[in-house]
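S.K.: This is the structure, below, for whatever I ask next.
All of the numbers you see were taken from the coordinates with simple rules; none came from a lab. Since this is a predicted model, take the numbers as computed values, not measurements. Ideal geometry is used to build each Cβ from the backbone, glycine not excepted, and the neighbour counts take in all protein chains shown.
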Amino acid sequence: MQPPVATVDGMAEDSIDRYRIAVPDDAVDDLVRRVWTTRWPRQPPGTGWERGTPVDYLEELAAYWAWVYSWRDHEAALNTFPQYTTVIDGATVHFAHVRSPEPNAVPLLLTHGYPSSFAEFHRVIGPLADPRSHGGDAADAFHVVVPSLPGYGFSTPLTETGWTMSRMAKAWVELMRRLGYDRYFAHGTDVGAGVTGMLGSFDPEHVAAVHVSTDPISLALLEGMLPEVDDSFTEEEKRRHAHWSRYGQQGRGYLQILGTKPQTVAYGLHDSPVALLAWIVEKLATWSTVDIDWDDILTGASIYWFTGSGASTAHFIYESAHSTEWPAPSDVPQGWAVFGAEALMRRAFNHDGKIEHFAEYATGGHFPALEVPRVLVDELRGYFRTVRWA
């Protein structure tokens, strides 16, 4: 059983209550104790990331987590963002809601992915909500809403199964309605891109435009998305196709495990902070092209640990693998940003050129809000500037 991690003003269906992260001291002390008493495995000599998170790297990162990293500092930083909870469809939904000081700001919903949390966006919230204070144009201001997906982070615990991406998208429709936003934009990455892409189908009258980001890792992991090689491929494209085909075969192991037997993995993710960290950091390290700050890695891992959401997020992958509700595409404008772009991305996602906004960036990867936050901010400002409503 996990300790309480927040103070809440009250909970009732349809109410929106103030929320402040408040991890008890004994929970922080317990984390340090568990990290320090980890029973470390041996690793075969001469092996590295190809077999998973290397023990020498993880020992160093875990020591930093226990003795250098300050959860209290990062908890305080996260608490500078106004946060709330509300109950939607039987689930507690946590979200940050940062209103812009600009009178003409428009609402923007940001959705994280796996294995991540609302904290993924902590570097972009300020510039998006208050561009004037971050060297931007006041005309690009947004009222920023950043929820935690049900079963993730502070949107826990879940009381029932069935939380698929489509159900999450419907919950976001209700969340934005409760906040009084008649029209809004949305952006998402990874799982959040899937949820965001469905918003236009479920709420076309209120969703003005959506924007998603992707990367070659997504291309490799999404079964069937790699285009078939034909005579039009250059030699370099053929080489890259072979590379991502191999990665897709080797990198899908976690999906196969979580998509079939998530409870077996849940015990380690719930009981051992180092097992949880190894699981999360392997995805962050191998899915990124820019080194992510250790404090950002550990803030995300700490949120998973203190909320016990390592287990519930594992079950989310199972829910998605067995989901049967996939809405039809909508006519709502949709922009794409590809990070770590290469020609195969355009062939796979926009071979016919029908996506009007298909931006490609050489840097960044699966977590652009952490890897290249300034690039992502400029991308979102630029795209939504072209589709703003009167």
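S.K.: Find, among the GluC sites (Glu not before Pro) in the range 294-390, those assigned to loop by DSSP (not H, G, I, E, B) with at most 16 other beta-carbon atoms within 10 angstrom.
M.R.: Details: sites: Glu319, Glu325, Glu342, Glu356, Glu360, Glu371, Glu379; in loops: Glu325, Glu342, Glu356.
Loop-located and lightly packed - Glu325, Glu356.
S.K.: Quick one: what are the phi-derived ³J(HN,Hα) couplings along the range 191-201, Karplus 6.51/-1.76/1.60 with θ = phi - 60°, whole Hz, x for glycine and proline?
M.R.: Using θ = phi - 60°, the values come out as 3, x, 5, x, 4, 4, x, 7, 4, x, 6 Hz.
S.K.: Let me ask you something else. Express in nm, to one decimal, how much length is gained between Arg178 and Gln263 on full extension, taking 0.36 nm for each residue of separation and deducting their alpha carbon distance.
M.R.: 27.2 nm
S.K.: Counting other Cβ atoms within 10 Å, which GluC sites (Glu not before Pro) in the range 118-199 have at most 11 and lie in a DSSP loop?
M.R.: When the GluC sites (Glu not before Pro) of the range 118-199 are filtered for loop state and at most 11 Cβ neighbours within 10 Å, Glu160 remain.
S.K.: If I model a spin label at Arg20 and Gln250 as a point 7 Å from the Cα along the Cα→Cβ vector, what separation in nanometres do I get?
M.R.: Spacing of the two 7 Å Cα→Cβ label points: 4.9 nm.
S.K.: Return the calculated 222 nm mean residue ellipticity for the chain, to the nearest 500 deg cm²/dmol, obtained by summing -39500 (n - 2.57) across DSSP H runs with n ≥ 4 and dividing by the residue count.
M.R.: After summing the helix terms and dividing by the residues of the chain, the value is -13000 deg cm²/dmol.
S.K.: Further question on the same structure: By counting other Cβ atoms within 10 Å of each Cβ, how are Phe233, Phe316 ranked from fewest to most?
M.R.: Ordered from fewest to most neighbouring Cβ atoms within 10 Å, Phe233, Phe316 come out as Phe233, Phe316.
S.K.: With each pseudo-label sitting 7 Å past Cα toward Cβ, what's the Arg132-Leu222 distance in nm, one decimal?
M.R.: Those two pseudo-labels are separated by 3.9 nm.
S.K.: Once amide H atoms are placed 1.01 Å from N in the peptide plane, what residues at a sequence separation of 5 or more from Phe81, or on another chain, have their amide H within under 5 Å of its amide H?
M.R.: Amide H neighbours of Phe81, under 5 Å, 5+ apart: none.
S.K.: Using modelled amide H (1.01 Å from N, peptide plane; none on Pro or chain starts), what sits under 5 Å from the amide H of His122, excluding residues fewer than 5 places away?
M.R.: none
S.K.: Between Glu50 and Ala27, what length comes free when the chain is fully extended (0.36 nm per residue of separation minus the Cα-Cα distance, one decimal in nm)?
M.R.: On the way: separation 23, 0.36 × 23 = 8.28 nm, distance 3.35 nm.
So the chain would gain 4.9 nm between Glu50 and Ala27.
S.K.: Give me a comma-separated list of calculated 3J(HN,Hα) values for the range 297-308, in order, Karplus coefficients 6.51, -1.76, 1.60 applied at θ = phi - 60°, integers in Hz, x for any Gly or Pro.
M.R.: Each residue of the range 297-308 in turn: 4, 6, 5, x, 5, 5, 4, 4, 5, 5, 9, x Hz.
S.K.: A follow-up question, please. Would you pull out the residues with amide H under 5 Å of Ser155's amide H, same chain only if 5 or more places away, H placed 1.01 Å from N?
M.R.: For Ser155, the qualifying residues are His94.
S.K.: Here's a follow-up. Mind listing the phi-derived Karplus ³J(HN,Hα) values for the range 262-275, rounded to whole Hz, using 6.51, -1.76 and 1.60 with θ = phi - 60°, and x for any glycine or proline?
M.R.: Result, ordered by residue: x, 5, 4, 6, 4, 4, x, 5, 8, 9, 10, x, 6, 5 Hz.
S.K.: If you take the beta carbon distance between Ala362 and Trp67 as r and set R0 to 51 Å, what does 1/(1 + (r/R0)^6) give as a FRET efficiency, to the nearest 0.05?
M.R.: Numbers: r = 37 Å, r/R0 = 0.72.
Given R0 = 51 Å and the Cβ-Cβ separation, E is 0.90.
S.K.: Go ahead and set up a Gaussian network model of the chain, Cα springs under 10 Å, then flag whichever of Thr264, Thr159, Thr299 fluctuates most.
M.R.: Result: Thr159 has the largest fluctuation of those listed.
S.K.: All other residues with a Cβ under 14 Å from the Cβ of Gln263 taken together, and with Lys, Arg as +1 and Asp, Glu as -1, what is their net charge? Kindly include the intermediate steps, with their values, before the conclusion.
M.R.: Values: positive: Lys261; negative: Asp271, Glu319.
Summing Lys/Arg as +1 and Asp/Glu as -1 gives -1.
S.K.: A further question on this structure: Using a 10 angstrom Cβ neighbour count of at most 10 plus a DSSP loop assignment to flag exposed trypsin sites (Lys or Arg not before Pro), which longest range of the chain is free of such sites?
M.R.: For trypsin sites (Lys or Arg not before Pro) (loop position, at most 10 other Cβ atoms within 10 Å), the longest site-free span of the chain is 43-353.
S.K.: Picking from Asp296, Asp331, Asp231, which is most flexible by a Gaussian network model of the chain using Cα springs under 10 Å?
M.R.: Of Asp296, Asp331, Asp231, the Gaussian network model singles out Asp231 as fluctuating most.
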